[in-house]
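Colleague: Following this message is one structure expressed as structure tokens.
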């Protein structure tokens with residue numbers, strides 16, 4: 001059995017941030033990272049962003065160099081199947097055991113699979129290995145069907161069409177972005193994709209499909225069949241909470257943790273996609289975005305090493321497609337009432353999302369450097385009436 005003072009289950013950005021957070025407090029304690037991936041921790045956003053759009057952005061800039069920075073011992077292709085909280089050990093699928101003094105569960109999520117028989121031409125997009133497979137199709141200028149209209153699906157469609165692929169984007173909204181953006185902004189967002197040459201199939205879902213000798217056939221819920229060389233999906237994830245549940249830890253939407261990211265077991269913490277935590281501004285929630293992975297991972301690492309500090313950061317998420325960059329804090333849902341404040345109509349501005357008269361989300365559209373201002377609006381939301389919102393956050397106009 002291999003013992004570590006600090007053991008992390010999961011090999012993503014949370015694991016990297018946690019190892020670096022540990023080292024801020026404890027320079028010597030041994031760190032073990034158990035990862036199912038074939039690559040050491042890397043910057044996941046690059047897989048749908050800069051690796052496609054910046055020819056000078058090499059893999060060396062994606063790799064987080066965790067071992068070099070922290071001395072962590074990283075075990076790749078390693079799947080944990082059980083946690084024994086009494087013995088303070090974990091067991092892997094090949095029978096190895098690892099002991100710990102303190103444990104961090106950072107198991108991330110499993111991509112929602114397409115209802116299609118899988119082979120190398122069907123990709124549920126999540127990992128660097130998936131990027132390499134999809135990049136091969138783009139380099140061949142293949143026809144790729146992208147399934148999903150959220151930020152991963154839209155980023156992949158934009159990335160592929162800008163790299164020479166023929167792209168069909170299947171999504172459930174009548175207008176691309178219609179579940180997130182006000183109607184006029186969603187229409188402009190969709191137009192940007194059509195202008196770039198993306199074939200949009202809106203209001204549809206994939207129900208079936210199969211491979212052929214020369215490609216993949218995808219069946220839609222209206223009975224139509226689409227043919228392509230490959231199909232890739234960005235349909236969200238299911239958080240990997242089974243290990244925690246089987247170990248007797250409370251699980252709701254995610255693994256339930258306190259403000260210091262500790263479970264009901266004082267020696268077991270959770271962070272990242274799997275953790276349901278109390279946000280000071282937005283209440284108890286689970287967040288699947290990179291800002292949370294980095295900030296929460298760092299705080300979890302510090303607390304593993306004894307800092308006992310609350311996680312007070314309210315995370316944001318962001319996307320970059322074509323010449324559009326947007327950031328969001330809180331709830332960004334088209335079902336909410338909106339107040340729009342544009343410096344340039346539908347090009348640069350702020351959209352406030354209200355439940356009744358209370359602001360619950362802020363969208364920064366091509367507006368940089370105002371995330372803290374957006375967080376402040378949400379923190380003060382009960383005191384802000386809708387007429388007080390325009391001009392509250394500088395739009396850059």
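Colleague: Considering Cα pairs under 8 angstrom that are at least six residues apart, work out the relative contact order of the range 295-364 and quote it in whole percent.
Modeller: Relative contact order, the range 295-364: 23 percent.
Colleague: Further question on the same structure: Using a Gaussian network model of the chain whose springs link C-alpha atoms within less than 10 Å, name the residue from 182, 266, 113 with the highest mean-square fluctuation.
Modeller: 266
Colleague: Compute the distance from the alpha-carbon center of the range 335-375 to that of the range 177-221, in whole Å.
Modeller: 26 Å
Colleague: Separate question: Once you place label points 7 Å from the Cα toward the Cβ at residue 372 and residue 132, how far apart are they in nm?
Modeller: 4.1 nm
Colleague: Then there is this: Distance between the C-alpha centers of the range 279-309 and the range 26-72? Whole Å please.
Modeller: One Cα centre to the other: 19 Å.
Colleague: For every helix of n ≥ 4 consecutive DSSP H residues, a contribution of -39,500 (n - 2.57) applies; sum these over the chain, divide by its total residues, and give [θ] at 222 nm rounded to the nearest 500 deg cm²/dmol.
Modeller: Dividing the helical sum by the residues of the chain leaves -6500 deg cm²/dmol.
Colleague: Hey, what's the Cα Rg ratio for the range 113-233 versus the globular rule of thumb, 2.2 N^0.38 Å?
Modeller: It is 0.99.
Colleague: Let me check against my output: what whole-number percent is the relative contact order of the chain, with C-alpha pairs under 8 Å and at least 6 apart?
Modeller: 16 percent
Colleague: In a GNM of the chain with a 10 Å cut-off on Cα contacts, which of 117, 276, 190 has the highest mean-square fluctuation?
Modeller: Greatest mean-square fluctuation among the candidates belongs to 117.
Colleague: Let me ask something else. Under the definition of Cα pairs under 8 Å and six or more residues apart, what whole-number percent is the relative contact order of the range 113-233?
Modeller: Relative contact order, the range 113-233: 32 percent.
Colleague: Rounded to the nearest 5, what % of the DSSP beta bridges within the range 40-193 are antiparallel ones?
Modeller: 60 percent
Taken together, the values in this text are just the output of simple stated rules run on the coordinates, not laboratory data. Values in this document were obtained by computation on a predicted structure and should not be read as measured data. Note: ideal-geometry Cβ built from the backbone for every residue, glycine included; neighbour counts use all protein chains shown.
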